[in-house]
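The values are calculated or read from the model by the stated rules, or taken from the named source; none is laboratory data. These figures come from a predicted structure and were not determined experimentally. For neighbour counting, all protein chains shown are included, and Cβ atoms are generated from backbone atoms with ideal geometry for every residue, glycine included. Only protein heavy atoms, including side chains, enter the accessible area calculation; ligands, DNA and RNA are left aside. Shrake-Rupley method; radii C 1.70, N 1.55, O 1.52, S 1.80 Å.
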Amino acid sequence: MLAPSPVPLSELDALARRFGGERHDAYSERALARAYEEFLSRRRAPIGAFVLSVDGKEYSNLFDLLAEPEAAIADFEIRLDPPPEPGLAWEFLQPFERIVLRADGSAEFHPLVPGPPVRAIGRFLLREHYLPRSRSDMDRAASGGQRVQLEGLFGTVDQGIAACRHQGLLPFCVSILLYFSAERTSYEFDLIRNTLLADPRAGRLPIARRVRRTSRMSWGLDRMVARGDLSLLAARALEVVVESPGLTAVELAHIFGGGRELVDSALQGLVARQLLSFDHRTGIYRPRTEAFLPAGGPRAERAPAPAGGADPALRTSVQELLAAADARATCPLCGSPLPEGPKTILCADCSAKVATT
């Protein structure tokens, strides 16, 4: 695919000056240029180019929409143009031709294969951005002054666009989150190059290693990421580990690139926040699923670790099992759908494995 030309830095600089005012001084201009070049240097595999349509009017990019006078957005459509072919580039994603986000927070998902649209709940998540900060702003923050609090997850695109204008924020990359009845799918868009990005796991992690989480659990994860207090690498690593039975730092370094030590440092930070657990014997990081479910969900004390020799993937805490059972959709160990009828914790295959350990 021939990648579209990136949005020029001069266009971003003009928007930052318009919305950021005095905050976008010479110091901020240099910082924007560095952030822009750094973003362009981190290349991700694209799936295809997209076109934006807002209430029937097409825009060449999101920044043209930001530059327009404020107006309420009723329908926000992202259409892949030309529609890409199904294939390996879509691994971990559901192929689509277009997505329409409504003003009430609902979404219509139009699959790439001809068929009726699927209804979902849509959300708008900021991924990477630049916020104008003057030299005096940075000095005050460094000396313990008040920091800017940014909201990262929005119920509608209209709310996200309004927040960007109000803060003078320039979004480089965003995710459209679609919450279906059984699971959530995240579509990441490079707004500088105007492309839909492939999932970072595509071609680097077997699809069989994915554990499908419920929309309920993914909502808790997305809210955690949207707080903005995790580094970019830590946030992405957290999302991948949560949708797995467990991964090592080596496996994650292969997915994201870079040295193992950098990835390990990000993962240890997530362990300190009690979002992941770490098995020192195997080097595997696993999600603490209870961290992403509502606070009122079931709680239980951790079960003592079984005697040595058991499969470490089966040494899941009672707390994690009950939390996953509360989500009532998939087996927390292998991700297989749980059968209808009486509530169970594990699928039949994993139950048999646990019984033999």
Over its alpha-carbon atoms, the stretch 14-62 yields an Rg and a Dmax in Å of 15.0, 39
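Would you mind counting up the charge near His110? Only other residues with Cβ under 12 Å from its Cβ, with Lys and Arg at +1 and Asp and Glu at -1. The partial results should precede the final answer.
Details: positive: Arg79, Arg98, Arg119; negative: Glu77, Glu97, Glu108.
In short, 0.
Where does each of Ile47, Ile121, Ile284 land when they are ordered by accessible area, with a 1.4 Å probe and the largest first? Write down the numbers at each step before the final one.
Numbers: Ile47 15, Ile121 85, Ile284 40 Å².
Order by accessible area, largest first: Ile121, Ile284, Ile47.
Give, in nm to one decimal, the length gained when the segment between Ala45 and Met138 is fully stretched (0.36 nm per residue of separation minus the Cα-Cα distance). Before the final figure, lay out each step's value.
Working: separation 93, 0.36 × 93 = 33.48 nm, distance 3.40 nm.
Separation in residues times 0.36 nm, less the Cα-Cα distance, equals 30.1 nm.
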Expected vector for the stretch 20-25, Karplus 3J(HN,Hα) from phi with 6.51, -1.76, 1.60 and θ = phi - 60°, integer Hz, x for Gly and Pro, equals x, x, 5, 5, 9, 8
For Glu38 and Glu11, extending 7 Å from Cα along the Cα-Cβ vector and measuring point to point gives, in nm, a value of 2.3
